[in-house]
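**Q** Before we start, here is the structure in question, set down as structure tokens.
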Amino acid sequence: MDRVTETAPLTTVPHQTAPPERPAVRPTVLARRAARVLAVNRIGGATVPARSLYPHQWSWDSAFIAIGLRHRFPLRAQQELETLLAAQWEDGRVPHIVFNPVVPRGAYFPSPDFWRSSDAGRPAGAPRERETSGIVQPPVHALAAWLVHRADPELSRRRAFLARAYPRLAAWHAYLADRRDLGGHGLATCVHPWEPGMDNSPCWDAPLTRVPPAPRGSFRRADLDHGAPADRPTDLDYGRYVRLAADYRDSGYHDGSAFAFAVEDPGFNALLTASEHALADIARELGLGHRRAAHEERARRLTGAMVRRLWSPESGQFLPRDLVAGALVAERSAAGLLPLAVPGLPAAVAAALVRTAAGPHFALGAGIGMVPSYDLRGRAFDRHRYWRGPAWFNVNWVLEHGLRRHGYAGRADALRAAMLTHADTTGFAEYLDPVTGEARGALDFGWTAALTLDLLATRGEPWTGGQPPEVSSSASEPTAAQA
Ligand code: 2M8
């Protein structure tokens, strides 16, 4: 069943709190505080998401962090991406964690002892000298590299930043196209709930029922040393995460395996498409005209495949596709709104997405002003638990851009103002209670601080070059029946 149904009566929707009344903080003060967070979170050549909870380098975190760093520290922004890309595997994958060797093994689980990349990952070309995880995260990196270049083109050209990054970024996208198109329709597939970055999203509840959890005593969670259990995934979730990751590892991180979990996620593929457009811009900058055309064509095909495979006209948003069950997942997560940031999205689809975002399921512009990670009316909505309801800054940052791109400048301005207010009042929280705006998770969180810097420094500039032609939406025109 593709259609998302409403499961909670209107009276239970708790989204009625006004944005906090507080004098707006001066932008220069907020920017200075954000920059300080990024300074404190720097360890070696990388910036950690949060010193206690996540003491290593994470893939999509670093991309968002570089996007913020570029405004004040363009060299450091380039190095952030270079450090990550230096850990790329020979098959092209960019691992979701690059471990810092000086951090004690017990500080984070799963640690290098679990992933054993330099040994179990050798058949897939994992580096010998660095320990990494073996799964991936959303490919925001080409977009980040292009934005970092644009912040200081002179420095970038002097260091041949793009010339050195481009082959790695192109190999990363080729990995996703060649090894991860498990559905055979041109979209990238995620094989672990950590890969789309929204770990315990209710979208994964049904697909995960097929996964027998690893026994309780077989691993020790380090996240609960730092985070409140009510804010984090459950032990049952973790048992399943461990089982899936161990099975992948034991296959030698082989992408031809039979996966118990295999989904086409709209957020992951939307960011891939935006990054493919950025690769086209990078190729143009490097004088590689033929490569530019190939990237534009791939972005166009990705956009078409997303609309054909993941768009749900009845829901007015994109939904993940569970490849094992062979059906869309009937749950509304904010990942299904992220294609709004894709250039060339059919205007009717974009309009339907904005209506959904501003409607009762996500309440954009009402309440705290930021969208929650999951349907406010959904059966599994939980204000506090990680990706099952809380509002996240990276998600809202992508939406802010999408709103502008499709001509909703007023909504984009309001979202931007709400994000800056909440970044300030929460101390750059990892995520927020979407009803009260209260801070949850870690404070002084890397991408929250970085994207605050970006919002303060930019307004309305498109991420990537020209306006590509719209993909036709004739097969799946949105209908007034959207919820
Ligand atoms: C969270 O994920 C990690 C596993 O990758 C964890 O819970 O330990 C997610 O929010 C993910 O999107 C993020 O990249 C990571 C680090 O901030 O934390």
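The values are calculated or read from the model by the stated rules, or taken from the named source; none is laboratory data. Just so it is clear, the structure is predicted and the values come from calculations on it, not from any experiment. Positions of Cβ are backbone-derived with ideal geometry, glycine not excepted, and every protein chain shown enters the neighbour counts. Quick note on the areas: whole protein, heavy atoms, side chains included, nothing else; ligands and nucleic acids left out. Shrake-Rupley method; radii C 1.70, N 1.55, O 1.52, S 1.80 Å.
**Q** So if I take the alpha carbon set of the stretch 64-154, get Rg, then get Rh from the Kirkwood formula, what is the Rg over Rh ratio?
**A** We get a ratio of 1.03 for the stretch 64-154.
**Q** Could I ask something else about it? For Ser312, enumerate residues with amide H under 5 Å from its amide H, sequence gap 5+ or separate chain, H modeled in the peptide plane.
**A** Gln317, Phe318, Leu319
**Q** Here's a follow-up. So what's the gap between the Cα centers of the stretch 60-93 and the stretch 302-334, to the nearest angstrom?
**A** Result: 30 Å between the Cα centres.
**Q** Take each of the peptides 81-89, 265-273, 107-115, average the number of other beta-carbon atoms within 10 Å over its residues, and list them starting from the highest.
**A** 265-273, 81-89, 107-115
**Q** May I pose another question? Hey, any idea what the orientation-averaged projected area of the convex hull of the stretch 154-196's Cα atoms comes to, in nm²? Each step should come with its number before you reach the end.
**A** On the way: hull surface 16.6 nm².
For the Cα atoms of the stretch 154-196, the hull's average projected area reads 4.1 nm².
**Q** Now, a different point. Once Rh for the stretch 306-440 is found with the Kirkwood sum over Cα pairs, what is the Stokes-Einstein diffusion coefficient at 37 °C and 0.692 mPa s, in µm²/s?
**A** 221 µm²/s
**Q** Gap in Å between the Cα centre of the stretch 267-295 and the Cα centre of the stretch 418-447?
**A** If you average the Cα positions of each part, the centres end up 32 Å apart.
**Q** Per residue, how large is the accessible surface of the stretch 220-377? Use a 1.4 angstrom probe and give square angstrom. Don't skip to the end; give the middle numbers.
**A** Details: 4400 Å² over 158 residues.
With all protein chains present, the stretch 220-377 gives 28 Å² per residue.
**Q** While we're on this one: For Cα pairs less than 8 Å apart in space and 6+ apart in sequence, what is the mean separation divided by the residue count of the chain, i.e. the relative contact order in percent? All intermediate terms of the calculation are to be shown ahead of the outcome.
**A** Values: 969 pairs, mean separation 98.7, N = 483.
Dividing the mean separation by the residue count of the chain yields 20 percent.
**Q** Hey, any idea what Rg/Rh is for the stretch 340-420, computing Rh the Kirkwood way over Cα pairs? Please list the in-between numbers first.
**A** Values: Rg = 12.2 Å, Rh = 12.7 Å.
With Rh from the inverse mean 1/r over Cα pairs, Rg/Rh is 0.96.
**Q** Let me ask something else about it. How high is the relative contact order of the stretch 251-387, in percent, with contacts defined as C-alpha pairs under 8 Å that are six or more residues apart?
**A** On the way: 172 pairs, mean separation 31.0, N = 137.
Over the stretch 251-387, the number comes to 23 percent.
**Q** Percent of accessible area on the chain owned by carbon and sulfur, 1.4 Å probe?
**A** 53 percent
**Q** Here is a follow-up. Just the number: Rg to Rh for the stretch 176-301, Cα atoms, Kirkwood Rh, two decimals.
**A** Taking Rh as the inverse mean 1/r over Cα pairs, Rg/Rh reads 1.08.
**Q** Report the rotationally averaged projected area of the chain based on its alpha-carbon convex hull, in square nanometres. Spell out each step's value before the answer.
**A** Details: hull surface 81.1 nm².
With every direction weighted equally, the projected area is 20.3 nm².
**Q** Then there's this: Can you tell me the Rg and the Dmax, both Å, for the Cα atoms in the stretch 228-322?
**A** According to the Cα coordinates of the stretch 228-322, Rg and Dmax are 18.2, 52 Å.
**Q** So what J values fall out for the stretch 89-96 if you push phi through Karplus, 6.51 cos²θ - 1.76 cosθ + 1.60 with θ = phi - 60°, rounded to Hz, Gly and Pro as x?
**A** For the stretch 89-96, the Karplus curve yields 7, 5, 7, x, 5, 9, x, 6 Hz.
**Q** P(r) for the stretch 82-231: what percent of alpha-carbon pairs falls in each 10 Å bin, starting at zero?
**A** Calculated P(r), rounded to whole percents: 9, 31, 35, 20, 4, 0.
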